[in-house]
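Below is one structure; the comments refer to it alone.
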Amino acid sequence: MAVRFATENMNLIEAFNRENYIGAESLLGELVQQNDFLRTAAVLRANKGSVHRTLVADEVRPGKVRAAYQAVAKLGGKTHIKDDPIVEYSGDSEVDIQILESAPDPYAARAAEDALNLCGFANGWNEILLKGDAKTAQNFEGLQTRRKKLGDYCVSVGDDGSNLTSAYVVEFGENAFALRYAGGASPGIQTRDNGLVKADAVDGAGYYWAMSQSYKISFGISVRQERALWRICNIDAMGTTIDDLLSAVIRCKNKLPSKGRGAFMYTNSDLLSRIEIGTLNKATNLTTKEVENYGPCLFFTNLAILPMDVIETGETEVV
């Protein structure tokens, strides 16, 4: 019997459906099908317009056993407010009118060209999600920039060399890690048909006429509990032993808020291939399960391991 990902009821497509938007389901479906992080991430509305404000707990005071007439413990603790920006990622897809005028089906030709441009758009979005964008006014922080040095929530396998990569262990939810969208925007991709426009020629020698389509995504990241996001770094994609890697995964998984229930691990194809080779050793706890509407997926204990190819092999050593 196929299992289901617990986050399917709050992923990008479901967030779109809850807002009662229509007309872009196929577009969103293609994007999500090509992107496992977007398919599995919780996508929730921001609570303060262009930012999401989170009350982050730094310290929680416990209660205590008391005898008669002794003081009652004061619950509470230390907290701080964190405002995470909702940023806009946008681009235009321009299709030369010459291509459309010579095509048997101009609508299909434009859809095909737009789909190719959308792949580049989605890949760029993935890179922003991973690396952030310090050049924007909001100074958006991605997964890597939030875990850019060793310490709390960023642990090292201890390798060095030219084949270094990372894996991210994430638990999703309102009180964990979530993607956010602005209150006045729709989740996912917003589109606008600009009609016929003048476009700059590739060689810079003039212009051509093109049909233009604008794509825009309004998104942000919130982490209510910092231990919901872990980076395992300094992994040699070609040399780290499966035992060393999975030992680090276990340590991170068991420090997640829900100890890995409904959590995911993301890494690139190089490391994923190495992990899958570990399934040849029947002594490991690596298994393959059939996931409904998804297909075969690799699991370590109860942690799903999914590809995120924007993570590089050849990272600089994290210190």
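Rule-based calculations on the coordinates, nothing more; no lab input. Since the structure is predicted, the reported quantities are computational estimates derived from the model, not experimental observations. Don't worry about glycine lacking a Cβ; one is built from the backbone with ideal geometry, like all the others, and counts go over all protein chains shown.
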Check: in the stretch 113-267 the Lys pairs 8 or more apart or on separate chains whose Cα atoms fall under 29 Å apart number 18
Fewest-first sequence of SER214, SER186 by Cβ atoms within 10 Å of each Cβ: SER214, SER186
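Fewest Cβ neighbours within 10 Å first, please rank TYR207, TYR181, TYR69 accordingly.
Details: TYR207 10, TYR181 23, TYR69 5.
Taking fewest neighbouring Cβ atoms as first place, the list is TYR69, TYR207, TYR181.
Send over the Kirkwood Rh of the stretch 180-319, from the inverse of the averaged 1/r over different Cα pairs, rounded to one decimal Å. Don't skip to the answer; put the middle values down first.
Numbers: mean 1/r = 0.0530 Å⁻¹.
In the stretch 180-319 this quantity evaluates to 18.9 Å.
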Calculated over the stretch 30-130: convex hull of Cα atoms, volume per residue (Å³): 152
Please give the Cα centre distance for the stretch 245-319 versus the stretch 161-176, rounded to the nearest Å. 10
Taking the chain as a Gaussian network, where each spring joins two C-alpha atoms under 10 Å apart, which residue of ARG224, ARG192, ARG61 fluctuates the most? ARG61
List the residues of the stretch 78-108 whose backbone N lies under 20 Å from a point placed 7 Å from the Cα of LYS198 along the Cα-to-Cβ direction. 92-99
Choose one answer from ALA42, ALA73, ALA112: the residue with the largest mean-square fluctuation in a GNM of the chain with alpha-carbon springs under 10 Å. ALA73
Among ALA71, LEU164, MET308, the residue whose Cα sits farthest towards the positive end of the charge dipole of the chain (+1 at Cβ of Lys and Arg, -1 at Cβ of Asp and Glu, taken about the Cα centre) is ALA71
Computed on Cα atoms, the radius of gyration and Dmax of the chain in angstrom are 22.5, 90
Choose one of ALA178, MET238, ILE277: the residue whose Cα lies farthest towards the positive end of the charge dipole of the chain (beta-carbon charges +1 Lys, Arg; -1 Asp, Glu; about the Cα centre). ALA178
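Give the residue list of trypsin sites (Lys or Arg not before Pro) in the stretch 247-319 that are DSSP loop and have at most 14 other beta-carbon atoms within 10 angstrom.
Values: sites: ARG251, LYS253, LYS255, LYS259, ARG261, ARG274, LYS282, LYS289; in loops: LYS255, LYS259, ARG261, LYS282.
In loop regions of the stretch 247-319 (DSSP not H, G, I, E or B), the sparsely surrounded trypsin sites (Lys or Arg not before Pro) are LYS259, ARG261, LYS282.
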Treat the count of other C-beta atoms within 10 Å as a stand-in for reagent exposure and order ILE235, ILE97 from fewest to most. ILE97, ILE235
Estimated 222 nm signal from helices in the chain, with DSSP H stretches of n ≥ 4 weighted -39500 (n - 2.57), rounded to 500: -7000 deg cm²/dmol
Quick test of the membrane-span-like rule: which DSSP H helices of the chain reach at least 27 Å along their long axis (C-alpha atoms) with mean Kyte hydropathy at least -1.0? 106-131
